[in-house]
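First comes the structure, then the notes that go with it.
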């Protein structure tokens, strides 16, 4: 039972353009949604988050949008930079879950110069 | 000075062997986790410990046994290794189950032959 789905395994974008990474989930009880970024041979690192009571959170070039009725969130990166090339994971969780996160299978972003 | 360090980084072993993966964090966090990234790239939680107490124990075979000698260490021991145990294992830590402060180690790639 995949509670979190990232249906695009890969995405290629030109430098300077917008990257949009999508995530769908099934559990309406999640309290927060996190995005992690992962480079090869490294562990995931926290990028940005959004609470379930909000619909948008912005941090510099990164913006996350949450559509609770559609159980869908997206990460926008603008402008995209070659250093953004990595695997991005969507990871929701709940306050009563002991810190447990449910990860999607990731989207590999490639930003070409 | 690595915040969450795992050893070894790579581990190749034969079926039936017993092996351990060690994890140490120097962040002063009170919660530590083990995640497994399988061949389909999903990161799934296996265990979490808070101040040496087991909090989360997902559906994991009994051959996997975590041990936390103190809150800075969480080791993973695996008995009678099977081919299906081949994966990348990530250790992580956080403070008070707070997902925003999750810090991952760089992973241990286990290959069972």
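We did not get these values from a lab; they are worked out from the coordinates using the rules stated. The structure presented is a predicted model; accordingly, all values stated were derived computationally and were not measured. Cβ placement follows ideal geometry from the backbone for every residue including glycine, while neighbour counts extend to all protein chains displayed.
Across segment B:18-37, the residues whose backbone nitrogen lies under 14 Å from the label position 7 Å along the beta-carbon direction of residue B:96 are B:29-31.
Please compute the alpha carbon radius of gyration of chain A, then divide it by the globular-protein estimate 2.2 N^0.38 Å. Two decimals is fine. Walk me through the intermediate numbers first.
On the way: Rg = 13.4 Å, N = 113, 2.2 N^0.38 = 13.3 Å.
My calculation over the Cα atoms of chain A gives 1.01.
Taking 7 Å steps out from each Cα toward its Cβ at residue B:54 and residue A:10 produces label points 4.1 nm apart.
Each label was represented as a point 7 Å from its Cα along the Cα-to-Cβ direction; for residue A:110 and residue B:38 these points are 2.7 nm apart.
Computed over the protein assembly as shown, the convex hull of the alpha-carbon atoms projects to a mean area of 12.5 nm². Over the Cα atoms of chain B, the radius of gyration divided by the Kirkwood radius equals 0.95; this is the Rg/Rh ratio.
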